[in-house]
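Okay, structure first, notes after.
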Amino acid sequence: MTFEAEKLQDFAQETEGAPPPVFVGRGDVLDDIEEAATLAWTRKDPPPDAPPTAKGGAPKNTRIVQGAPGAGKTSILAELVKRSAERDGAPGRSRVLAFESSEVVEDLPRVLRTVAAAGSLAPARWHEFFRKVVLGVSGEGVGASVEIAWPEEVPAPNSLSDLAQQRPRDRWTVPVIVAVDEAQRLLGDTTKPHALFLQGIHDAARGLPLILVLAGLGDTRQKAEDMNLTRISNIHEIGGLDAEESAELMQDFCRHFGIDPTGFEEHLDALATPCEGWPRHLHFAMQALAGETLRTEGDLAHVDWARCAATAAESRTGYYRRQQSAAMTYSASLVAGVMQSLVPGMTLGDVLEAIWRLERDSRDKGPQWRLPKNLDIYSFCEHLVHRGALQERADKTVHCPIPSFRTHLIRAGGSDPDAGAAPRRAADKNPDASGTRKDGDDGAGVGF
């Protein structure tokens, strides 16, 4: 096993948002997306001019991957692209294109032409095209401002309808997965070109073997519905890895860089445990370990594990401070009250009522109990979702996906996270017509 010091140095200096050097878990998500692509490839769709009743049973071609910042959504897309490149040329294997939401909105013709190339080029031609166009000659991704010599056989459509006419289904060689990152930013009129493009893939309206993956924050599902992408059956909520996956990640990380983890499993587990399985925190732990192993030239026997743990903890705290926006700082006590009010079964509606009650009843306590300037209870709640303090599950209930972030926000608001029972959720405070409280929990605090 050769110690890869130069590669480890590069990893140690990476900024937030870089994909991990090794990938663990999420197998159910990857399998579901790839199975959907296989189904889109083998399914015989009705022709585009078929009456609506003939199309009613067609499954929707969209998957949503949503989670708080740092949950690993971008890493999932990167892994899909990687696996696709490794398997390219195998019969029926999909090709994956990952775009930023801004590219889909601002440069749709280029996105469409890239999709056309992915569906029609032979493996050797696709490999060259992928390297030059998808990765970008300048290394800056699909949006890189470089001059591209497009293959003559690749059409230049301006819409999904154009693509279907210029490159009908029978001329496609593989199914294509169109993945859009930061999908929560896809706002606007449902008649905009980018919205019609996404709707066309979702509805399989043109009979093309396309699958749409939207990756974004905890309200991505709602943003999709706002664009008329309805009846989405598979929504993957991305959270932390379990203890076994975290242990596997730390050991695979060592092996990836030529470090032998044998005999140091307990130290690695102790370094990973405070991360609560959260991918971004595990990334910090691996970077802290990288710094130490560079100092010891890859010898774990001489690593200062206490210093390593302290460095990782400092990175986690810094991350929480960055996630705590100026608006959350201005209203730190209100945020703390909202976080303390979280109990199982709450919905976004309950959170809105909790914000309203806390702000109404505590205004005389000081400005930190008031809503930030220019935000109402609705936009403030959405802001907490986008900062990772709240996340909506598929069953419409809400929780804080990172327990230690909840603790940080409560303490930042001057409260004690262990001060006893959390307030009852707002919905349970209201008596019904008979004067009795609604069925639900008894208001006891639960560690979220």
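Derivation of every value follows stated rules applied to the coordinates shown; laboratory data play no part. Keep in mind it's a predicted model, so treat the numbers as computed, not measured. Virtual Cβ from ideal backbone geometry, glycine too; neighbours counted across all protein chains shown.
Residues whose amide H falls under 5 Å from that of residue 65, counting only those 5 or more places apart or on a different chain, are 214, 215, 216, 236, with hydrogens built in the peptide plane. The Kirkwood radius of the stretch 243-323, taken over pairs of alpha-carbon atoms, gives through the Stokes-Einstein law at 10 °C and 1.306 mPa s a diffusion coefficient of 127 µm² s⁻¹. Dividing the radius of gyration of the alpha carbons in the stretch 244-377 by their Kirkwood radius gives 1.18 for Rg/Rh.
Cross-link pairs exceeding 22 Å in C-alpha to C-alpha distance, out of 60/132; 82/132; 60/223; 7/132, comprise 60/132; 7/132.
The residue 310 and residue 192 beta-carbon pair, evaluated with R₀ = 56 Å, returns a calculated FRET efficiency of approximately 0.70. The Cα center of the stretch 203-251 and the Cα center of the stretch 291-306 differ in position by 38 Å.
Around residue 331, what is the net charge, scoring Lys/Arg as +1 and Asp/Glu as -1 over all other residues with Cβ under 11 Å from its Cβ?
On the way: positive: 370, 373; negative: 359.
Summing Lys and Arg as +1 and Asp and Glu as -1 gives +1.
In this rough spin-label picture, where each label sits 7 Å from Cα along the Cβ direction, the residue 230-residue 32 distance is 2.1 nm. Compared with the alpha-carbon gap, the fully stretched path from residue 393 to residue 87 is longer by 106.9 nm at 0.36 nm per residue.
The Cα center of the stretch 27-41 and the Cα center of the stretch 353-373 differ in position by 46 Å.
Here, P(r) means the percent of Cα pairs in each 10 Å bin from 0 to the largest distance; for the stretch 176-335 it is 9, 27, 21, 22, 16, 4, 0. Applying 1/(1 + (r/R0)^6) with R0 = 45 Å to the Cβ-Cβ distance of residue 158 and residue 255 gives a FRET efficiency near 0.40.
In what order do 75, 102 fall by count of nearby beta-carbon atoms within 10 Å, going from fewest to most? Please report the intermediate quantities before stating the final value.
Values: 75 21, 102 15.
By the 10 Å Cβ count, ascending: 102, 75.
Counting beta carbons within 10 Å around each of 206, 63, 321 and listing the fewest first gives the order 321, 206, 63. Placing dummy labels 7 Å off each Cα toward the beta-carbon, the span from residue 374 to residue 244 is 4.9 nm.
Put one equal scatterer on each alpha carbon of the stretch 326-429, apply the Debye formula with no solvent term, and list log10 I(q)/I(0) at q = 0.09, 0.15, 0.17, 0.23 1/Å to two decimals. Log10 of I(q)/I(0), two decimals: -0.18, -0.53, -0.69, -1.39.
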